[in-house]
1. Test of understanding: what is the full-extension gain from Phe51 to Glu428, defined as 0.36 nm times their sequence separation minus their Cα-Cα distance?
2. Taking H placed 1.01 Å from N in the peptide plane, check which residues at least 5 places from His127 or on another chain put their amide H under 5 Å from its amide H.
3. Return the Cα extents of the chain along principal axes one, two and three, sorted largest first, each rounded to a whole Å.
4. Just to be sure I understand the model, the point goes 7 Å from the Cα along the line to the Cβ. What's the resulting Ala294 to Glu376 distance in nm?
5. Of the GluC sites (Glu not before Pro) in the range 14-49, which ones lie in a loop per DSSP and count no more than 14 other C-beta atoms within 10 Å?
6. With both bridge residues required to lie in the chain, what share of the DSSP beta bridges run antiparallel, to the nearest 5%?
7. What FRET efficiency, computed as 1/(1 + (r/R0)^6) with R0 = 30 Å and r the Cβ-Cβ distance, is obtained for Glu75 and His189, rounded to the nearest 0.05?
8. Across the range 403-418, in residue order, what do the Karplus-derived ³J(HN,Hα) couplings come to in whole Hz, using 6.51 cos²θ - 1.76 cosθ + 1.60 with θ = phi - 60° and x for Gly and Pro?
Amino acid sequence: MTSLLVLQQVRAVDPARQLDAVVDIVIERGRIIRIGRGAASELSPSEHVKFVRGPLTVFPGFIDLHTHLREPGHEYKEDIASGLKAAAHGGFVAVCSMPNTKPVNDRRSITDAIVARAKEVGGTRLHPIGAVTVGSEGHKLADIGDMRLAGAVAISDDGRCVTSSSVMRHALEYARTFDMPVIQHAEDHALTEGAQMNEGAVSTRIGLRGWPRVAEDIIVARDVLLAEATGARYHVAHVSTHGAVRILREAKSRGIRVTAEVTPHHLLLTDESVIGYNTACKVNPPLRLAEDVAALREALADGTIDCIATDHAPHSGLEKDCEFSAAAPGMLGLELCVPLLYGFVLDGTLRIERFVDALSQAPAGIVSLERPTLAEGARADITVIDPEARWHIDPSKFRSKSKNTPFAGREVRGRVTMTIVGGNVAFEFGS
Ligand code: DOR
């Protein structure tokens, strides 16, 4: 049995330690026991020592704050086993799973079942997010304390907005006593009834009902005021508008406890992608305008948006191979995120330290998980990429049960080659 795992002569990048150097990393019994130049020089390959070499870059393990795993209830789209395999394939050591399962994860028995199933599956860790309200219906608070005890790391009614100011206020107050964030899907439903895509010139031209950007901004603005009034931790899911960015920037400058995430698709695509009624581009919130994309990129680079989250939303062909208005919103993210966004590091949109922080230490901090780091004694949660790889996205290679992505065929740079979770190899390219 292999007892030592050695990453030899790899570029290690860890913003928390201001580390960017070529080093050896020696892993034993789940921990990094040595890291440094020549740290593995006296070791030689044997049945007990596995060496990994190559022009590789090594990061503290990536964590996704926003994953839909569909179990219980919609296992034909994804289940915990396929979702966690997809996560490992995409370089994620942990994912936080959204509660819009069937039934909704709004009580301890469901949270317990999800946690137990994830333990059985192994590999990438799962941290459930509990619902804010019973059935995510927006009225009565769910069993938040009980779900916290069962392992929930945050609460959210994702997919639906907590519309009532009173319910949101109580959710924030309650979550504050557990030091958990409330994650909001910011959408004023009164403004988005029947909406299929962003409201603008494109929606007018192709005749689809629009989702105005202000429907997001209104909720973020109100919630920032509630977060200020309650002193609770508030996190905005999948920010998509430049208006929301402006509100967040101002809130942060005043010291309010707000955080935010952005998805790869909102950083890369605009509403123009919907022309041709491509259901793979139907997503909630919808793809916006070039000025929004520019504001999101800038906000991610300067830290106004704390982290990148995938909003991995698997749907089967049944829900996507149909007319646009009948299609389910959402697209895959776990196996696409790193290769789609590593290009930002290469083209200078994001400094490599910010890219790593946004995928690793920032999300860990938001949901109070142990922050992955490349340090002696730290738990070995590590993402390894081949930064030189140039390849084409091929959904037939996905571990996810679903294939709904508009990025099929896109040429990308950078490939996840290994995901190490607590010292165990959860995914290795080519094996
Ligand atoms: O596009 C989306 N799909 N947005 C959400 O908020 C929910 C998600 C889903 O569950 O499919």
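1. 134.5 nm
2. HN-HN under 5 Å from His127: Val95, Cys96, Ser97.
3. Taking max minus min along each principal axis of the Cα atoms, the chain gives 66, 47, 43 Å.
4. About 4.9 nm separates the two model spin labels.
5. Glu42, Glu47
6. 50
7. 0.60
8. 10, 6, 9, x, 9, 4, x, 5, 7, 10, 10, x, 9, 5, 10, 7
All of the numbers you see were taken from the coordinates with simple rules; none came from a lab. Predicted model only: the values in this text are computed from it and were never measured. So basically every Cβ, Gly included, is an ideal-geometry build from the backbone, and we count neighbours across all protein chains shown.
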